[in-house]
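K.L.:
Shown below is the structure under consideration.
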Amino acid sequence: MTSGRFRKPARIDAYDAEPVDRRLRVDYTTRPAHRFDSVSVKETKEAVAIAIVVTAPRGLTRAAGHMHSLSVELAAPLGERRVIDACTGSIVPRLPSPMDPPPQPGGPGT
């Protein structure tokens, strides 16, 4: 850690991967002055927990968010496991895929 900066979790917004994939693209948001520090991945049979940590300057920073992406490699294909933001405990949504079936009339997304 550099002087005048501290570590804090980044907000994970979404991930992109198919169930057969071992590589996930993870989208996250930071403020302009934040810098990537580390990513950790913990896999269980039920879930994949991801924590992204950034460094931030002490004091006020601009509030506008910047989108970033990074890739993480899993030990096993994602399968039916949930992706969890390890810092908040929230389930991370998967980005829509061209392979997804079209929305059903009267269902979500219509």
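K.L.:
Return the residue satisfying two criteria in turn: it lies in region 55-110 and is among the charged types (D, E, K, R) and at pLDDT 90 or above, and of such residues it is farthest from Arg35 (Cα to Cα). First the steps, then the outcome.
P.N.:
Applying the first criterion (among the charged types (D, E, K, R)) to region 55-110 yields 58, 62, 73, 80-82, 85, 94, 100.
From what's left, at pLDDT 90 or above: 73, 80-82, 85, 94.
Numbers: Glu73: 21, Glu80: 32, Arg81: 29, Arg82: 27, Asp85: 18, Arg94: 24 Å.
Taking the candidates together, the pick is Glu80.
K.L.:
Given the options Ala75, Ala47, Ala56, name the one that is under 14 Å from the mean Cα position of the chain (by Cα) and not acidic (Asp, Glu).
P.N.:
Values: Ala75 fails: under 14 Å from the mean Cα position of the chain (by Cα); Ala56 fails: under 14 Å from the mean Cα position of the chain (by Cα).
Exactly one residue qualifies, and that residue is Ala47.
K.L.:
Then there is this: Restricting to region 1-46, name every residue that is of a type in the set (D, E, K, R), assigned to a loop (DSSP other than H, G, I, E, B) and over 28 Å from Leu60 (Cβ atoms). Talk me through it step by step, then tell me what you get.
P.N.:
Within region 1-46, the subset of a type in the set (D, E, K, R) is 5, 7-8, 11, 13, 16, 18, 21-23, 25, 27, 31, 35, 37, 42-43, 45-46.
Pick out the ones that are also assigned to a loop (DSSP other than H, G, I, E, B) and you get 18, 21-22, 31, 45-46.
Once the filter is applied, which keeps residues that are of a type in the set (D, E, K, R), assigned to a loop (DSSP other than H, G, I, E, B) and over 28 Å from Leu60 (Cβ atoms), region 1-46 yields Glu18, Asp21, Arg22, Lys45, Glu46.
Here's the yes/no breakdown for (1) over 20 Å from Arg5 (Cα atoms); (2) in contact (Cβ under 8 Å) with a residue 24 or more places away in the chain; (3) not aliphatic (A, V, I, L, M):
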{"site": "Asp27", "(1), (2), (3)": "yes, yes, yes"}
{"site": "Phe36", "(1), (2), (3)": "no, yes, yes"}
{"site": "Lys42", "(1), (2), (3)": "yes, yes, yes"}
{"site": "Glu46", "(1), (2), (3)": "yes, yes, yes"}
{"site": "Ala56", "(1), (2), (3)": "no, yes, no"}
{"site": "Leu78", "(1), (2), (3)": "yes, yes, no"}
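K.L.:
If a residue must be out of contact with any Ser or Thr (no Cβ under 7 Å at 6 or more places or on another chain), of a type outside the set (Phe, Trp, Tyr) and closer than 20 Å to Gly89 by Cβ, how many such residues does region 27-69 contain?
P.N.:
Of the residues in that region, 16 qualify.
The values are calculated or read from the model by the stated rules, or taken from the named source; none is laboratory data. The structure displayed is predicted, hence computed values, not measured ones. Using ideal geometry, Cβ is built from the backbone for each residue, glycine included, and neighbour counts are taken over all protein chains shown.
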